[in-house]
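Okay, structure first, notes after.
The values are calculated or read from the model by the stated rules, or taken from the named source; none is laboratory data. Please read all numbers here as calculations on a predicted model, not as lab measurements. Positions of Cβ are generated from backbone atoms using ideal geometry, with glycine treated the same way; all protein chains shown enter the neighbour counts. SASA here: full protein model, heavy atoms, side chains in, ligands and nucleic acids out. Shrake-Rupley method; radii C 1.70, N 1.55, O 1.52, S 1.80 Å.
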Amino acid sequence: MAHVRGDEANGPMIITDPQHMHRDVLAARSRGRRVGFVPTMGALHAGHVSLVKRAAAECDDTVVSIFVNPTQFGPGEDFTRYPRTLDADIAAVAGCGVTWIFAPAADAIYPNGWATRVVVDGPARRFEGELRPGHFSGVATVVCRLFMAVPADVAYFGAKDWQQTLVVKRMVRDLGVPVEIAVCPTIREPDGLAMSSRNAYLLADERSRATAIHESLMLAERAWFAGDDIAAIEHAMRSHLAARGVAVDYAAIVDRESLEPLSSPVANAIAIIAGRLGTTRLIDNHPLPTRG
Ligand code: PAF
């Protein structure tokens, strides 16, 4: 693939070699440039674009990585059908001020004989961690590996994957990885559905019923402010989802930092949902403001 210098005229420079990526980022930083990094699995949508625009606004150079990470998919999950749309992804971020797209092959990230995994406990334990064994270890491993290849000043993650952001922050803190983590707001469709690459799997009828996820989060916020107790709010979320044909994996209100039960019934809460429509599994969340 041609390596052209990333700029508005030529578009971003596409890099596949981790060492080359590492060299370029270090060279930029040694010239005093602040480097932002947006790790993705591609299939870029408006949520990703918002991360990229924020990185470009706050940094001198921006790297977007595109790598469908095999180790974060469990057996029977959607690794093989996950959309791979490199050309469309490059077009999606054209004009957003991206300097480099890092698109390594699997064996550049996991070379032959690869035998190392990063395992995070704490925030990785419940919810997605319970339902998708090995998922967060796969995420922590690849994010750690990507941070080695892309030694940026700051990395940007979307709040939609709230538990993932907690796992990444804990991994960075525990291993002393010298990168700042910025968590950016969830971007939604006009009807409230959180942007996700997996929305593309939804059939028309599933797509219309998927709004029940955001509706349940809004219902939770109203009940929260009305002073309802946690068990009643969780029950109301589950009932609304079930009534719209969403199979509920969980619908819970928990502490937004630990994902454990709330220690205060008024503050630091987040409503989190995972539900399935047909073969598509979606997650979403909504932090609940302190209530009187
Ligand atoms: O959120 C994602 O797209 C992925 O989990 C990430 C962080 C790029 C790691 O593969």
Legend entry - Residue among P151, P104, P123 that is assigned to a helix (DSSP H, G or I) and either surrounded by 22 or more Cβ atoms within 10 Å (Cβ to Cβ) or at pLDDT 95 or above (or both): P123
Legend entry - Those residues of segment 238-285 which are polar (S, T, N, Q) and surrounded by 15 or more Cβ atoms within 10 Å (Cβ to Cβ), in sequence order: S258, N268, T280, N285
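State whether the residues of segment 111-124 include one that is within 11 Å of the ligand (Cβ to nearest atom) and at negative phi. Let's see the steps before the verdict.
If we filter segment 111-124 for residues that are within 11 Å of the ligand (Cβ to nearest atom), which is where we start, we get none.
No, the conditions are met nowhere in segment 111-124.
Given the criteria outside any loop (DSSP other than H, G, I, E, B), over 16 Å from G42 (Cα atoms) and within 13 Å of the ligand (Cβ to nearest atom), does L166 qualify?
Spelling it out, L166 is indeed outside any loop (DSSP other than H, G, I, E, B), over 16 Å from G42 (Cα atoms) and within 13 Å of the ligand (Cβ to nearest atom).
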Legend entry - Matching residues in segment 61-73 - criterion: being more than 13 Å from the ligand (Cβ to nearest atom) and open to solvent by 20 Å² or more (accessible area, probe 1.4 Å): none
